[in-house]
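Student: Quick one: the structure is below, and I'll ask about it shortly.
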Amino acid sequence: MKFAVIKERKSPPDRRVVLTPQSCQNLLNQYPKAQIVVESSDIRAFSNDEYSKLKIKVTNDVSAADVMIGVKEVPIEALIPNKSYFFFSHTIKKQPYNRDLLRAILEKNITLYDHETLVDKTHQRLIGFGYYAGVVGAYNGMRALGLKEHTFKLPKATTLTGRQELNTELDKISLSNIKIVLTGTGRVGQGAKEILDHLKIKKVSVEDFLNTNFTEAVYVQLDVLDYCERIDGKHLGKLDFFQHPEAYRSTFERFTAVADMFVAGHFYGKGAPAFFTRDQAKAASFNLKVVADISCDIDGPVACTIRPSTIENPIYGYDPQSETEVDYRNSNAIAVMAVDNLPCELPKDASEGFGAAFVKDIIPAFFNGDKLGILERSRMTKNGQLTPAFSYLQAYLDGNE
């Protein structure tokens with residue numbers, strides 16, 4: 001089996017990579033029959049020389065490989081027919097801007113494995129960049145807070161060499177007795193929590209967060225049933241929420257009345273109630289000054305997230321009264337950080353974590369007959385057709401959705 005680490009060609013450029021030099025070496029050590037080639041790239045976070053020094057072949061032509069491994073969408077003109085590909089295709093939610101990409105994949109008889117579809121038998125994601133989205137998102141939120149309140153200045157994460165330097169910068173700041181609400185308990189939430197814990201911000205209970213005045217900075221980490229309740233008042237558990245989100249309403253307003261900062265690291269499912277609406281943000285009791293929206297659902301559950309921001313310009317202001325974008329430094333503005341490609345700001349760290357997981361959890365399937373069904377579950381296309389699990393995309397492909 002011959003694997004190729006392909007060059008990222010999407011613009012703006014993404015410096016991340018699925019298989020780092022060390023991941024490639026680990027793969028070859030574990031599977032001596034495997035072969036790896038790396039497509040030459042001048043934008044990757046790891047240089048061509050770093051691969052070459054480990055005796056991993058770097059070349060301009062990877063067409064002899066069987067499996068092409070990338071991060072972002074591959075431009076249609078760069079797709080090689082009759083190959084297997086791994087990348088984030090951004091098609092599984094019927095994204096209209098990538099319809100032609102999926103059509104081309106079928107036309108070129110490509111077998112597609114989307115990183116988002118790599119799941120275990122309980123359909124839990126096996127790999128992802130979510131942890132580093134949480135790390136960078138929480139850091140960026142702190143940076144926005146310092147700039148908004150004129151209390152401290154943190155450098156952009158993208159200017160730092162990695163996680164260690166990021167932590168060093170955090171060690172230089174001090175916080176007032178602010179209250180921070182963090183949503184999400186998955187990979188994103190865990191990454192964000194580590195930043196808050198590194199700052200030695202005290203974690204408190206929901207009851208204390210809502211009812212106690214503190215002399216130090218505190219945070220509360222919420223799961224879905226902490227900020228949602230069934231409309232009929234029944235208590236049926238978390239699974240019921242995921243199965244019947246329309247039966248719930250938000251109770252998040254009680255947190256926006258006391259919190260200064262909201263770090264949104266949740267997964268938002270279709271039909272679930274909004275955290276807060278534009279009308280609720282107008283209320284005199286609404287207290288949020290900074291929102292670090294890692295989830296970045298535009299015009300969705302977080303009313304002030306009206307557009308994604310960029311790594312270059314990560315913060316904008318939202319005026320609740322006029323419902324318009326303003327300078328985030330305005331006294332009546334909510335400072336919003338809504339960068340939608342946060343892991344790109346720490347490309348080396350993010351790639352190392354992703355690569356280790358890919359070698360550990362995905363690569364074995366190519367050598368053990370896919371005994372855990374990982375490839376079978378994640379395979380979106382085969383022999384020029386959608387696989388049964390992804391047949392729901394046919395109407396989207398036909399232009400009927």
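Student: Please determine whether any residue of the range 219-233 is at pLDDT 95 or above, in the same structural domain as Gly265 (by TED's automatic domain parsing), of a type in the set (Ser, Thr, Tyr) and out of contact with any helix residue (DSSP H, G or I) (no Cβ under 7 Å at 6 or more places or on another chain).
Tutor: Scanning the range 219-233 turns up no residue that is at pLDDT 95 or above, in the same structural domain as Gly265 (by TED's automatic domain parsing), of a type in the set (Ser, Thr, Tyr) and out of contact with any helix residue (DSSP H, G or I) (no Cβ under 7 Å at 6 or more places or on another chain).
Student: Further question on the same structure: Which of the residues that make up the range 228-239 are more than 25 Å from the chain's Cα centre (by Cα) and part of a strand (DSSP E or B)?
Tutor: Glu229, Arg230
This table checks each residue for (1) within 24 Å of Ala350 (Cβ to Cβ); (2) surrounded by fewer than 20 Cβ atoms within 10 Å (Cβ to Cβ).
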{"position": "Pro32", "(1), (2)": "no, yes"}
{"position": "Asp49", "(1), (2)": "yes, yes"}
{"position": "Gly70", "(1), (2)": "yes, no"}
{"position": "Val74", "(1), (2)": "yes, no"}
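Student: Let me ask you something else. Which members of the range 268-277 meet the condition of being within 22 Å of Ala192 (Cα to Cα) and surrounded by 16 or more Cβ atoms within 10 Å (Cβ to Cβ)?
Tutor: Tyr268, Ala274, Phe275, Phe276
Student: Within the range 240-247, can one find any residue that is under 27 Å from Ala333 (Cβ atoms), part of a loop (DSSP other than H, G, I, E, B), in the same structural domain as Tyr139 (by TED's automatic domain parsing) and not basic (Lys, Arg)?
Tutor: No, the conditions are met nowhere in the range 240-247.
Student: When both residues are 6+ apart or on different chains and their Cβ atoms are under 7 Å apart, which pairs have a first residue that lies in the range 34-48 and is in contact (Cβ under 8 Å) with a residue 24 or more places away in the chain and assigned by TED's automatic domain parsing to the domain that holds Ile363, and a second that is part of a loop (DSSP other than H, G, I, E, B) and among the small types (Gly, Ala, Ser)?
Tutor: Val37/Ala65
Student: Given the condition part of a loop (DSSP other than H, G, I, E, B) and loosely packed, with under 13 Cβ neighbours inside 10 Å, answer yes or no: does some residue in the range 217-227 qualify?
Tutor: no
Student: Being within 20 Å of the chain's Cα centre (by Cα) and assigned to a loop (DSSP other than H, G, I, E, B), is that true of even one residue in the range 99-108?
Tutor: Among the residues of the range 99-108, not one is within 20 Å of the chain's Cα centre (by Cα) and assigned to a loop (DSSP other than H, G, I, E, B), which makes the answer no.
Student: A follow-up question, please. Give the range 388-401 a look and list any residue that's surrounded by 11 or more Cβ atoms within 10 Å (Cβ to Cβ) and of a type outside the set (S, T, N, Q), or say none.
Tutor: Hits for the range 388-401 are Ala389, Phe390, Tyr392, Leu393, Ala395, Tyr396, Leu397, Glu401.
Student: Taking the stated definitions as given, is Ser205 surrounded by fewer than 17 Cβ atoms within 10 Å (Cβ to Cβ) and either more than 17 Å from Phe252 (Cβ to Cβ) or modelled with pLDDT under 95 (or both)?
Tutor: No, not satisfied.
Student: While we're looking at this one, here's another question. For residues that are of a type in the set (S, T, N, Q) and either within 20 Å of Lys33 (Cα to Cα) or free of Cβ contacts under 8 Å to residues at least 12 places away in the same chain (or both), tally how many sit in the range 60-100.
Tutor: Total meeting the criteria: 3.
Student: Evaluate the following for Glu169: is it assigned to a helix (DSSP H, G or I) and either among the hydrophobic types (A, V, I, L, M, F, W, C) or at pLDDT 95 or above (or both)?
Tutor: The answer is yes for Glu169.
Student: Output yes when any residue across the range 180-191 is surrounded by fewer than 16 Cβ atoms within 10 Å (Cβ to Cβ), touching a residue at least 24 places away in the same chain (Cβ under 8 Å) and touching a helix residue (DSSP H, G or I) at 6+ places or on another chain (Cβ under 7 Å), and no when none is.
Tutor: No, that holds for no residue.
Student: Is it fair to say Lys193 is charged (D, E, K, R), assigned to a helix (DSSP H, G or I), at pLDDT 95 or above and under 19 Å from Val224 (Cβ atoms)?
Tutor: yes
Student: Being surrounded by fewer than 20 Cβ atoms within 10 Å (Cβ to Cβ), without any contact (Cβ under 8 Å) to a residue 40 or more places away in the chain and of a type in the set (A, V, I, L, M) is true for just one of Leu170, Leu147. Which residue is that?
Tutor: The conditions single out Leu170.
Student: Another question about this same structure. Looking at the range 255-302 only, could you name the residues that are touching a Lys or Arg at 6+ places or on another chain (Cβ under 9 Å) and modelled with pLDDT under 95?
Tutor: Selection gives Gly265, Pro273, Ile298, Asp299.
The values are calculated or read from the model by the stated rules, or taken from the named source; none is laboratory data. These numbers come from a predicted model, not from an experiment. Positions of Cβ are generated from backbone atoms using ideal geometry, with glycine treated the same way; all protein chains shown enter the neighbour counts.
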